[in-house]
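J.: Take this structure, written in structure tokens, and hold onto it; I'll ask about it next.
The values are calculated or read from the model by the stated rules, or taken from the named source; none is laboratory data. A quick note: this is a predicted structure, and the numbers were derived from the prediction, not measured. Note that each Cβ is placed from the backbone with ideal geometry, even for glycine, and that neighbours are counted across all protein chains shown. In case anyone asks, the SASA skips ligands and DNA or RNA and just uses the protein heavy atoms, side chains included. Shrake-Rupley method; radii C 1.70, N 1.55, O 1.52, S 1.80 Å.
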Amino acid sequence: MDILITNDDGVQAEGIRALARALRPLGEISVIAPDREQSATSHALTLHRPLRMRKLEEGVMSVDGTPTDCVLLGVHGFLERKPGLVVSGINHGPNMGSDVTYSGTVAAASEGNVLGIPSIAISLATWGSADFEPAARIARNIVEGLLRRGLPERMCVNVNIPPIPLDRIKGVRVTRLGKRIYRDVIEEKVDPRGKTYYWIGGQEPTWEHDESSDFTAVEEGYVSVTPLTFELTDYRGMVELDSLAITIRDHEA
Ligand code: MN
């Protein structure tokens, strides 16, 4: 099994190194990852400047682009065979609820999915100092289990691991994306030359209570596994809109 590993924290991040080490026994590993942090770049593609790739060591390359660029360059350019699996992570920080729409980690997995490759995004749910080894072991066990059972082609799963010792993790819970309560704050500051600038900030996120959510699972000490789909059409909305009989002429309706 050829496995393509990428992330959005950059090729030097501890999480991706731990992940590559952990998955090495499971197949032929290629790491293609951004040369610097690309968190919160979502599904961005670099189209308006050239991309440079650098070979750092055998099987490890960096790209001066986004996580999505990395998956595309890997699959359409640099890998001899189409990988059988894309694994993105291990991200330093949670990727839960509606935050997945900002996530470069999840976007890389969704790019794999778009290209017809089963994909997994893995995040360690803390922004604090982190030991990636327990999460890497869990990642290996999950990937191994999925490989053994056979990966559905359309599979894209989002895994969040609680930042606690391995022996305190209670198990795996299949979840849905929770609803985060956003309280972003824009901080206005003045630079040394008297010009104003802004930071997007805010307090620790809070979540709506939901037993079946990713957030609740992680909070209760479970590894959260959320299957994702990128079928975004709102079918109920189609019916509603249809009934509105929207027209481009003024007097028809
Ligand atoms: Mn990140």
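J.: So which residue, out of Trp207, Trp127, Trp199, gets the largest mean-square fluctuation from a GNM of the chain using Cα contacts under 10 Å as springs?
T.: Trp199
J.: 5 Å is the cut-off here: which amide hydrogens, built 1.01 Å from N in the peptide plane, fall below it relative to Leu56, excluding neighbours closer than 5 in sequence?
T.: Answer set, sorted by chain and number: Met61, Ser62.
J.: How much accessible area per residue does the chain have, counting only protein heavy atoms and a probe of 1.4 Å, in square angstrom? Please report the intermediate quantities before stating the final value.
T.: On the way: 14400 Å² over 253 residues.
Result: 57 Å² per residue.
J.: When the dipole is taken about the Cα centre of region 131-253, and only Lys, Arg (+1) and Asp, Glu (-1) are charged at their Cβ, what size is it in debye, to the nearest 20?
T.: My answer is approximately 500 debye.
J.: Mind listing the long-range amide H neighbours of Ala40? Cut-off is under 5 Å, sequence gap 5 or more, other chains count too, H placed in the peptide plane at 1.01 Å from N.
T.: Under 5 Å from the amide H of Ala40: Gly104, Thr105.
J.: Further question: Work out how much length Leu79 to Thr229 would gain on full extension: take 0.36 nm times their residue separation and subtract the Cα-Cα distance, in nm to one decimal. Present the calculation step by step, with values, prior to reporting the outcome.
T.: Values: separation 150, 0.36 × 150 = 54.00 nm, distance 2.58 nm.
This chain segment gains 51.4 nm when fully extended.
J.: Just tell me which aspartates and glutamates come within less than 20 Å, Cα to Cα, of Lys82; anything on the same chain fewer than 8 places away is out.
T.: Candidates past the 8-residue exclusion: Asp2, Glu28, Glu58, Asp69, Glu111, Glu144, Glu153.
J.: What shape does region 129-253 have by the C-alpha gyration tensor, where a ≥ b ≥ c are the square roots of the eigenvalues, rounded means a/c under 1.5, and otherwise prolate means a/b greater than b/c and oblate the rest? Numbers along the way, then the final one.
T.: Numbers: a/c = 2.49, a/b = 1.21, b/c = 2.05.
In terms of gyration-tensor shape, oblate.
J.: Of the listed peptides 105-116, 77-88, 42-53, 13-24, what is their order by residue-averaged count of other C-beta atoms within 10 Å, with the highest listed first?
T.: Per-residue Cβ counts within 10 Å, averaged per peptide and sorted highest first, yield 105-116, 13-24, 77-88, 42-53.
J.: Would you mind telling me the share, in percent, of accessible area of region 106-253 contributed by carbon and sulfur at probe 1.4 angstrom?
T.: Carbon and sulfur together cover 53 percent of it.
J.: Further question: What residue among Glu28, Glu144, Glu204 has the largest mean-square fluctuation in a Gaussian network model of the chain, using Cα springs under 10 Å?
T.: In the Gaussian network model the winner is Glu204.
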